[in-house]
Amino acid sequence: MRKKIVAGNWKMNTVISEGENLVNGILKRMNEVKNATVIVAPPFTHLYLVAQLLKGSTIRLSSQNCAAEDSGAYTGGVSAKMLISVGAQYCIIGHSECREYYGETDEILYVKLQQALKNNLIPIFCVGEVLAEREANRHFNVVRVQLENTLYRLNDIDFEKIIIAYEPVWAIGTGKTASPEQAQEMHAFIRQTLSKKFGAKADNTSILYGGSVKPSNAKEIFAKPDVNGGLIGGASLVADDFIAIATAF
Ligand code: PEP
């Protein structure tokens, strides 16, 4: 089933007390959210506490990344198995900041997808083009290659578990949002590209839009037929804004 999802990527923000306040603020207003699955992705350091705070609620917990390896001498690494053990259910993989700052290539991301899937963490897999690629009219090609190098290599059963986030890099944290039409056009392209490999199964994939989504623009973006929700950065750090987005369907 194509689910409506709103996921908050906190990135490297909040100390633990601030994270606790943020979760409590979201929990307090969760009764207003009728149509969407809500996911929060706090920093690694907060996951265990947030998992305890979320017990008994419908909010789901995600990490922002995972290691490509199982275990061993990888200083600083956090494995998918560790994440499951502290209560995470989802894992963001392939965020453009990780691709850019940590050199995560499609090949590494494919291994991370496998790590997540074999440990029962559901991947929220990010794709998207940078500004120069869009300006050169290469954006469809760039996203197609990102999909072919990664998701195309999954089997049907694993593919059905994946959530996709289309995040044009030029819209992340910049205040520039893709227009609802630009988002719909790319989401439809992603679905069509995936259907070439996975057939009708691609109809059921949730494809989220990410890039400067705010309470003021969420409704018109989420109204597009192939946009099944959002991956929210900045606005997910304010409980009332995040709730306003999660109720914008
Ligand atoms: C993100 O980092 O996934 C994101 C979409 O950020 P922002 O909403 O701040 O643009």
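Determine whether region 179-202 contains at least one residue that is at pLDDT below 95 and either within 17 Å of Leu113 (Cα to Cα) or surrounded by 14 or more Cβ atoms within 10 Å (Cβ to Cβ) (or both).
Going through region 179-202, the residues at pLDDT below 95 turn out to be none.
No; the residues of region 179-202 include none that is at pLDDT below 95 and either within 17 Å of Leu113 (Cα to Cα) or surrounded by 14 or more Cβ atoms within 10 Å (Cβ to Cβ) (or both).
Among the aliphatic types (A, V, I, L, M) and within 16 Å of the ligand (Cβ to nearest atom) - does that describe any residue in region 214-223?
Yes, that holds for at least one residue.
Going by what's in this entry, would Asn141 be described as within 30 Å of Ser71 (Cβ to Cβ) and away from the ligand (no atom under 16 Å from the Cβ)? Spelling it out, it is not the case that Asn141 is within 30 Å of Ser71 (Cβ to Cβ) and away from the ligand (no atom under 16 Å from the Cβ). Look at (1) closer than 24 Å to Phe249 by Cα; (2) at pLDDT 95 or above; (3) outside any strand (DSSP E or B); (4) hydrophobic (A, V, I, L, M, F, W, C) and you find that Met1 fails only one, number (2).
Here is a yes/no grid of residues against (1) hydrophobic (A, V, I, L, M, F, W, C); (2) surrounded by 18 or more Cβ atoms within 10 Å (Cβ to Cβ):
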{"residue": "Trp170", "(1), (2)": "yes, yes"}
{"residue": "Ile221", "(1), (2)": "yes, yes"}
{"residue": "Asn228", "(1), (2)": "no, yes"}
{"residue": "Val238", "(1), (2)": "yes, no"}
{"residue": "Ile243", "(1), (2)": "yes, yes"}
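Out of all the residues in region 201-213, which are assigned to a loop (DSSP other than H, G, I, E, B) and more than 16 Å from the ligand (Cβ to nearest atom)? Steps first, answer last, please.
Our first condition is that a residue be assigned to a loop (DSSP other than H, G, I, E, B); within region 201-213, this holds for 205-206, 211-213.
Across region 201-213, the qualifying residue is only Thr205.
What are the pairs with Cβ atoms under 8 angstrom where one residue, in region 2-30, is more than 16 Å from Gly233 (Cα to Cα) and the other, located anywhere, is aliphatic (A, V, I, L, M) and modelled with pLDDT under 95? Sequence gap at least six, or different chains. If the second residue must be aliphatic (A, V, I, L, M) and modelled with pLDDT under 95, no pairs are left.
So for region 160-177 (the condition being within 15 Å of the chain's Cα centre (by Cα), modelled with pLDDT of 95 or more, of a type in the set (Lys, Arg) and more than 16 Å from the ligand (Cβ to nearest atom)), does at least one residue qualify? Yes.
The residues of region 33-70 that are within 17 Å of Leu237 (Cα to Cα) and touching a Cys at 6+ places or on another chain (Cβ under 7 Å), listed by number, are Ser62, Ser63.
Residues in region 77-113 that are within 13 Å of Pro43 (Cβ to Cβ) and more than 16 Å from the ligand (Cβ to nearest atom): Val78, Leu83, Val86, Ala88. Within region 144-200, the residues that satisfy the criterion of being in a helix (DSSP H, G or I), within 22 Å of Ala218 (Cβ to Cβ), touching a residue at least 40 places away in the same chain (Cβ under 8 Å) and among the hydrophobic types (A, V, I, L, M, F, W, C) are Val169, Trp170, Ala171, Ala183, Met186, Phe189, Ile190. For region 224-249, the set of residues classified as within 12 Å of the ligand (Cβ to nearest atom), closer than 25 Å to Lys161 by Cα and part of a loop (DSSP other than H, G, I, E, B) consists of Gly233 only. Residues in region 122-142 that are among the small types (Gly, Ala, Ser) and assigned to a helix (DSSP H, G or I): 1 in all.
Looking at Ile92, is it within 30 Å of Gly199 (Cβ to Cβ), modelled with pLDDT of 95 or more and crowded, with 20+ Cβ neighbours inside 10 Å? The answer is yes for Ile92.
The values are calculated or read from the model by the stated rules, or taken from the named source; none is laboratory data. The structure presented is a predicted model; accordingly, all values stated were derived computationally and were not measured. FYI the Cβ positions are ideal-geometry reconstructions off the backbone, even for glycines, and counts take in every protein chain you see.
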